[in-house]
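Laboratory data are not the source of any read-out in this text; all were calculated from the coordinates shown. Keep in mind that this is a model prediction, so the values were computed, not measured. Reconstructed Cβ throughout: ideal geometry from the backbone, glycine too, with neighbour counts over all protein chains shown.
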Amino acid sequence: MRISGGLLKGRMTVTKKSLNFRRNALQKRLRPTSAKVRKAIFDIIRYRIVGASFVDLYAGTGTVGFEALSRGAAMAIFVEVDKSRAIIIKENLSKFGLKERGFVIEKKAEEFLKKSAVENRKFDIFFIDPPYFSDEIINILPVIEEKKLLTDGGLVIVEHFFKKKLPEIVGGLKKMRNYRYGDTMLTIYNKENTQGKGRGVRW
């Protein structure tokens, strides 16, 4: 998969060699975000990404998180429970010279969120792309909101099947807009900014 914009534009996060080497780990239940949808995401948040703390919550190959770093995010957290996928992300962080700005967390999404809450961490942007036909989105959105993990003015971007209807409001999170690309939908939630634009804490 090729990064589509920013300083790393054109670099590959998953090559044929790495795909063949870890084929089962990468292909099993993995549906990477398409280049078209990735470009759309960063077109939507282009004025918010520079200097932001970005969480790729179901990282998979990590390509969305790498796009965020390429386009100016201060840091990206890659949450990926599969060890083989996590290894590939770590290898790419090293290859791209991003080990100081990218961090791989080998935990389930909810475990990461709860641990972050205990450590009083906040983040500017969450990207959520769980397995398409699971209930993860409905379970995870309330955790982000209830644990107060989003900075004031922060965003949650959800990629999901277009027929899956998401709530208009989840506590303090309000749906801003939907964008459809084929059978994929992007739903953007915003946390009301009450104290000026926030920035998440350094990792």
### Query
Can you put Ser4, Ser34 in order, fewest other beta carbons within 10 Å first?
Ser34, Ser4
### Tail weight of P(r) past 16 Å, computed on alpha-carbon pairs of the range 62-168, percent
61 percent
### Message
Using +1 at the C-beta of Lys and Arg and -1 at the C-beta of Asp and Glu, which of Tyr181, Ile140, Ile169 has the Cα lying farthest in the positive direction of the dipole of the range 131-190?
### Response
Tyr181
### Task
Using just the helices of the chain, give the 222 nm mean residue ellipticity in deg cm²/dmol: DSSP H runs with n ≥ 4 each add -39,500 (n - 2.57), and the total is spread over all residues, rounded to 500.
-9000 deg cm²/dmol
### Query
Which pairs, out of Lys99/Lys174; Lys36/Lys163; Lys83/Lys165; Lys36/Lys164, put more than 26 Å between their alpha-carbon atoms?
Lys99/Lys174; Lys83/Lys165
### Message
Within 10 Å of each candidate Cβ there may be at most 11 other Cβ atoms; applying that plus a DSSP loop requirement, which GluC sites (Glu not before Pro) in the range 87-152 survive?
### Response
Glu100, Glu119
### Query
Where the only charges are on Cβ atoms (+1 Lys, Arg; -1 Asp, Glu), what is the dipole of the chain about its Cα centre, to the nearest 20 debye?
700 debye
### Message
Rounded, prolate or oblate for the chain? Axes are the square roots of the Cα gyration tensor eigenvalues, ordered a ≥ b ≥ c, and the cut-off for rounded is a/c under 1.5.
### Response
rounded
### Task
Express the relative contact order of the range 35-191 as a whole percentage, based on alpha carbon pairs under 8 Å and six or more residues apart in sequence.
18 percent
### Query
For the range 139-191, what does the alpha-carbon gyration tensor say about shape, rounded, prolate or oblate, given a ≥ b ≥ c as the root eigenvalues, a/c under 1.5 as rounded, and a/b over b/c as prolate?
prolate
### Message
Please list, by residue number, every one of the chymotrypsin sites (Phe, Trp or Tyr not before Pro) in the range 93-140 that is coil in DSSP and has at most 13 other beta-carbon atoms within 10 Å.
### Response
Phe133
### Task
Please work out the C-alpha center-to-center distance from the range 36-58 to the range 96-141 and express it in whole Å.
14 Å
### Task
Using a cut-off of 11 Å between beta-carbons, work out the net charge of the residues near Arg71 (Lys and Arg +1, Asp and Glu -1, Arg71 not included).
+3
